[in-house]
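Q: Got a structure here, written out as structure tokens. Questions coming.
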Amino acid sequence: MTAATPKKQSNKQSNKQSNKQSKRLKKLTKQTRRIARKRAEKVLYGRGHPLEELLELGLTWIAYVVVIAIPPVTSLYRNLAFSWNSVVTSPAAKWIGLASERQQSAEQSPDKTELKPGNKVGRFTVTSGVGLRKSPGGKGSADHQGVDLDTPIGTRVYAPRNTTVKCLQSTRGGKGASFKGVRGQVTLWHLSRCSNGNKKAGELIALTGNSGTATTGPHLHVEIRLGGDIVNPQMRDVVPLLKIKPRGEFSLELYKNWVSAQESAHNYSAVNPHSGALGKYQFMPGTLRSTAQNCPGVSPTISSSVFLASPQAQEKIMDCYLAQGWKLLQGKADDPDIQCRMLASYHYSGDPTKFRDTTPQTYKGKPYPSIAQYSKSVCREILP
Ligand SMILES: [Zn+2]
């Protein structure tokens, strides 16, 4: 009996132990099963349980909305409004009859055209519009408050009306100017000069530049506020600032007049002592005869001295010469500015298609402007 009790006891003990063990085993099995299930889910769904995924996604979205989307929501709205505007003013919208009365009236008065990247304002191009954008060169603003125009340094800016100019200075914008414009308050930035005080309409108030840290190249930043709110600058806001005249058609006569004024001050007997160029239109002696070849009424063997002494021959050869160039650029450009630049390029290099060539030129060791520089500067004067 005495021996049986401990045996019983040991039996009890071993039962307890085996219970514990089986419990532990069950727990372990549960864990193993859970791990296995998770692994299976991973295989099935990619990462975890779809509910977990959903929760994770939800939290990410809440974080996104609170941290990233709410702050610029006003500019986003503004951006959407502008996108909508570009949609309803598109030719497609007009075709399907979507264009409202407002857009039609804007079409009738193009000075109310809202400026967008790529728009031409005279000889300048809008390089950036109002709204969200990628920060240019990591320097410019990502939420752009105005429009940028590709004005070279020193472009003149005029008072659009009788107004008082307040010159500004900031780290990012550099030199600025603030004044009442055609509509609302105008702020300009990145200027090189600014003149404070009362100004008459049309009076010079500033020169454009490249000042401030938030600029990647020479340009004019134009910002318009109506009742404190940024609005998209329109053609009528910017045109008087830069005194842009409506651009006329380009003609050979315009070009001819410019050349004779520039090259010889309309003097038929002018001779360039350096290049040897001759007459009112400064023809090179070498090209004189080849041009005369296809020119009715002019001797193909005309000498330099006869040419210099004959205004009639000079006019005829110039007409023939320009007519040849004009023929070369037909169908290549509709824009009067490009037509002019192509003709200037033809005149300067013999090839109208080289009007974008920026290679510096030399003649007899003397440096001359590139074809692009030359044709651009010529046409800036011919077509203001
Ligand atoms: Zn700007």
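Q: Going by the structure shown, is residue 213 free of Cβ contacts under 8 Å to residues at least 60 places away in the same chain, surrounded by fewer than 15 Cβ atoms within 10 Å (Cβ to Cβ) and β-branched (Val, Ile, Thr)?
A: No; evaluated as a whole, the condition is false for this residue.
Q: Also, I was wondering about something else. Can you name every one of the helices (runs of 4 or more DSSP H) wholly within the range 301-384 that holds 2 or more residues which are at pLDDT 90 or above, under 18 Å from residue 260 (Cα atoms) and hydrophobic (A, V, I, L, M, F, W, C)?
A: Where helices (runs of 4 or more DSSP H) fall fully within the range 301-384 and carry at least 2 residues being at pLDDT 90 or above, under 18 Å from residue 260 (Cα atoms) and hydrophobic (A, V, I, L, M, F, W, C), they are 304-309, 311-329, 336-349.
Q: Are any residues in the range 292-317 small (Gly, Ala, Ser), surrounded by fewer than 12 Cβ atoms within 10 Å (Cβ to Cβ) and within 13 Å of residue 268 (Cβ to Cβ), and if so, which ones?
A: 305
Q: So, one more: Looking at (1) closer than 30 Å to residue 132 by Cβ; (2) touching a Lys or Arg at 6+ places or on another chain (Cβ under 6 Å); (3) surrounded by 14 or more Cβ atoms within 10 Å (Cβ to Cβ), which is the one condition that is false for residue 220?
A: (2)
Q: Among residues belonging to the range 191-240 that are of a type in the set (Asp, Glu) and either within 16 Å of residue 143 (Cα to Cα) or modelled with pLDDT of 95 or more (or both), point out the one that is nearest to the ligand (Cβ to nearest atom).
A: Taking the candidates together, the pick is 223.
Q: Continuing with the same structure: Looking at 338, 382 in this structure, which one is within 25 Å of residue 150 (Cβ to Cβ) and in contact (Cβ under 8 Å) with a residue 60 or more places away in the chain?
A: Numbers: 338 fails: in contact (Cβ under 8 Å) with a residue 60 or more places away in the chain.
Among 338, 382, only 382 is within 25 Å of residue 150 (Cβ to Cβ) and in contact (Cβ under 8 Å) with a residue 60 or more places away in the chain.
Q: Hey, another quick one. For residue 224, state whether it is touching a Gly at 6+ places or on another chain (Cβ under 6 Å) and over 22 Å from residue 174 (Cα atoms).
A: no
The values are calculated or read from the model by the stated rules, or taken from the named source; none is laboratory data. Predicted model only: the values in this text are computed from it and were never measured. Positions of Cβ are backbone-derived with ideal geometry, glycine not excepted, and every protein chain shown enters the neighbour counts.
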